[in-house]
Ligand code: PMP
């Protein structure tokens, strides 16, 4: 048979395709709640000033494009571990950390999948719903995926009784995939008390936690958002963390991230890091340097780091302001009470209780674009479109 004849044409990724559909909508009042990037109040995804400054310094200093060490560009991996685990963590000095730079958070997830398969893990367990790329990444690594309860759609909070009961059944063949702060797509995070309970269960049952961290700093700030990482790191012997710099450094297209492995002992950490490097070599050899050089420059300079932290805090407040705008506008409609949770959820995303038909109607009738799942990015909300949006939601939901 002709080569590749057995491959069907695949549809475009529905979330990535939303941007194209939005661009060709010529209604002037259109609203884009579909995208997966941060936007400021002017609708711009800015280059952070600290990033621009570091980028200029990196470009001035760069005098060759020869390879850099495959583990990490100088100063990147260790600083990301410090950011994730905290300035005063004793893990970096303990030898129990394996860290490699990866092409974004997705690269880290891919390498983690390979590591799990090599370790004999069978199943990756995920709360429902989860980010649409989680299942494909781990299925591609040859692992089974199992869904357990997470979101309580009635309250817009966590179904903690259901989640906890399912987690109590896990064992050493399993990985529990958790989200760092700002759950995608729901905006619903575990509370610190709930995190401690799940981490204690992980320690007792012996399953491996894997924490996908893609929005560090965008819920309640860098330290508060790292609670989940630090609580698990204290309680379990071994832990994986994927870390994306796409959102909190605004480096999306530069493909910048890390995979952090905490091992039971320094020997075990060395084994883990050696396999992470080997898997990276299989997939893509080594991660792109540019974004990681920028992050290393920022985190290597106390002054630039302080500037970056303050810009990140501004982004976080701006997201919260957009949530408040939406919640205030909804309160003036019939659906305000049932959606009041949008005020308290974290990060850019909330999952609204709309059916695919209703999201279609939002687009066709009201020019409001969002994912078919009902996921919205609150960064599409502005003071001058929020009342229109609330009205469109109310008329569609009733
Ligand atoms: N995990 C989650 C939950 C995400 O939302 C994202 C970004 N959309 C990622 C990982 C990875 O992002 P990237 O590969 O662009 O760093």
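Quote the Stokes-Einstein diffusion coefficient, in whole µm² s⁻¹, for the range 46-119, based on the Kirkwood radius over alpha carbon pairs, a temperature of 37 °C and a viscosity of 0.692 mPa s. It would help to have the intermediate numbers written out before the result.
Numbers: Rh = 14.8 Å.
It diffuses with D of about 221 µm²/s by this estimate.
Considering the range 250-398, what Rg and Dmax in Å follow from its alpha-carbon atoms?
Expressed in Å, the Cα Rg and Dmax of the range 250-398 come to 21.5, 60.
Could you put 362, 147, 116 in order, starting from the residue whose Cβ has the fewest other Cβ atoms within 10 Å?
On the way: 362 25, 147 13, 116 22.
In increasing order of surrounding Cβ atoms, one gets 147, 116, 362.
Given the chain, what whole percent of its Cα pairs are spread farther than 32 Å? Working shown, then result.
Numbers: 28533 of 79003 pairs.
Of all Cα-Cα pairs in the chain, 36 percent lie more than 32 Å apart.
Can you report the principal axis dimensions of the range 196-250 using only the alpha carbons, biggest first, rounded to whole angstrom?
Projected onto the principal axes, the Cα atoms of the range 196-250 cover 37, 18, 12 Å.
Give the shape of the range 151-247 as rounded, prolate or oblate, defined through the alpha-carbon gyration tensor: a ≥ b ≥ c are the square roots of its eigenvalues, a/c under 1.5 means rounded, and otherwise the shape is prolate if a/b is larger than b/c and oblate if not.
Details: a/c = 1.77, a/b = 1.18, b/c = 1.50.
Cα axes put the range 151-247 in the oblate bin.
Rounded, prolate or oblate: which fits the range 183-293 when a ≥ b ≥ c are the square roots of the eigenvalues of the alpha-carbon gyration tensor, with rounded for a/c under 1.5 and prolate only if a/b beats b/c? All intermediate terms of the calculation are to be shown ahead of the outcome.
Numbers: a/c = 2.38, a/b = 1.13, b/c = 2.10.
It is oblate, given that a/c is not under 1.5 and a/b is not larger than b/c.
When DSSP assigns beta bridges and you keep just the ones with both residues in the chain, what percent turn out antiparallel, to the nearest 5?
Around 45 percent antiparallel, to the nearest 5.
Under the rule a/c < 1.5 gives rounded, and otherwise a/b versus b/c splits prolate from oblate, where does the range 325-388 land using the Cα gyration tensor? Intermediate results must be reported in sequence, preceding the final value.
Values: a/c = 1.40, a/b = 1.28, b/c = 1.09.
It is rounded, given that a/c, with a ≥ b ≥ c, falls under 1.5.
Neighbour counts of other C-beta atoms within 10 Å: give me 78, 364, 25 arranged from fewest to most. Don't jump to the answer; show the numbers that get you there.
Working: 78 17, 364 9, 25 14.
Sorted ascending by nearby Cβ count, the order is 364, 25, 78.
Can you compute the radius of gyration and Dmax for the range 79-142, using only the Cα atoms, both in Å?
14.1, 37
Here, each number is a calculation from the coordinates, and none is a lab measurement. Bear in mind that the values here come from a model prediction, so they are computed numbers and not experimental data. Positions of Cβ are backbone-derived with ideal geometry, glycine not excepted, and every protein chain shown enters the neighbour counts.
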